[in-house]
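Notes follow the structure.
The values are calculated or read from the model by the stated rules, or taken from the named source; none is laboratory data. Note that the structure is predicted; figures quoted are calculated from it, not measured. Cβ: placed from backbone, ideal geometry, glycine included. Neighbour counts: every protein chain shown.
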Amino acid sequence: MTRRTPTSRFAVTLLLATLSLAGIGLGACGDDDNPAEVQSGSGTLTIYSGREEEIVGPLFERYEKESATKLQVRYGESPELSATILEEADNSPADVFFSQDAGALGVLEKADRLATLAPAITKQVDARFRSQAGRWVGTSGRARIVAYNKEKLRQSALPKSILDFTDRRWKGKIGWAPTNASFQSFVTALRKLKGDAAALAWLKGIVANEPQTYEKNSAVRDAIASGEIELGFINHYYVAQARAEEGDDYPVAIYNPPGGDPGSLINVAGVGILAGSSNTAAAEAFVRFLLSAKAQRFFAETTKEYPLAAGVEAERDLVPLDRIEAPDIDLSDLDDLQRTVELIEQSGAL
């Protein structure tokens, strides 16, 4: 049985502050030819999924058909679901939390609501993209980028840091989506890296440059493509998906600011097993599946995200993950959204 939890992204953040698959088979530990790990699960597994049903629903359905496990999935926004798990405490029916971003996993990790994963699971993913305490593991990555209209701008004209887009040269040329969860995760990272004062100064500087405000990243991308704006701050896969559909002539390009800049943050979708789950064998089998080669290729090919399990390559037209000069940050620390929302409101962005 599937339950949906409709709500706006910004409402989800406030709630937290106040408290495609055709050919996808099963594998385990990255080995396509060993379904035994998947088959070890049985019975019913309850998943709280911050990833949208439209994206992962077919993946879940295939898992049900090819394993001995029935999935009961509750869909919703990641921050709302993590807040719900905290409210439910020991009475939560959830066995697995599949989050759209690391911050929501960090909330549960710091509340001691996630079990420690087996090293055989976590070691498949680079240490940058998993809990340092072994409580959750990234399943796919998304890079924050500056998307720009390549018919209007040359990459060489773009500043070396996202912090420099407060320069008046960019007045009226920027688009952003300040209510979007991924943007708020970026601002949280900016706070952790540079401090609250610097984050607020940057937000105010962008507001002073009179940016066009949109509800979604895809709307920012489309406005760049149409020439309404020249550049925007979004996730890489929005451009990659459009480029796959439109071809090499698509006018929007990707820029990754260098030198560990906050504008090149790599966040992850990730998964953890709830502490106290009585169904750990099935939960562990499901986590292993998400890191299997075929599931990782699904994320790479269908959503254009970066696969994180060792041995699976990203789409060829993406900048390789190891060539992005991302900032050094513990992704679990992206849990503190309350102050982020306060700063965004204080800046006048909302």
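Worth a mention:
- Cβ pairs under 6 Å, 6+ apart, first in the stretch 224-246 and of a type in the set (Asp, Glu), second not in a helix (DSSP H, G or I): Glu230/Asn149; Glu230/Lys152; Glu230/Leu153; Glu230/Lys173
- Residue that is farthest from Ala111 (Cα to Cα), among those in the stretch 299-325 that are touching a Gly at 6+ places or on another chain (Cβ under 7 Å) and assigned to a loop (DSSP other than H, G, I, E, B): Gly311
- Within the stretch 41-69, tally of residues that are farther than 23 Å from Thr179 by Cβ and either in contact with a Pro (Cβ under 9 Å, 6 or more places away or on another chain) or loosely packed, with under 15 Cβ neighbours inside 10 Å (or both): 10
- Filter pass, Glu305 being under 19 Å from Gly57 (Cα atoms), modelled with pLDDT of 95 or more and among the charged types (D, E, K, R): yes
- Counted as qualifying within the stretch 133-237 are the strands (runs of 3 or more DSSP E) with 1 or more residues that are of a type in the set (A, V, I, L, M, F, W, C) and under 15 Å from the mean Cα position of the chain (by Cα), namely 137-149, 231-235.
- Residue that is nearest to Pro251 (Cα to Cα), among those in the stretch 110-164 that are buried (at least 23 other Cβ atoms within 10 Å of the Cβ) and touching a Pro at 6+ places or on another chain (Cβ under 9 Å): Val146
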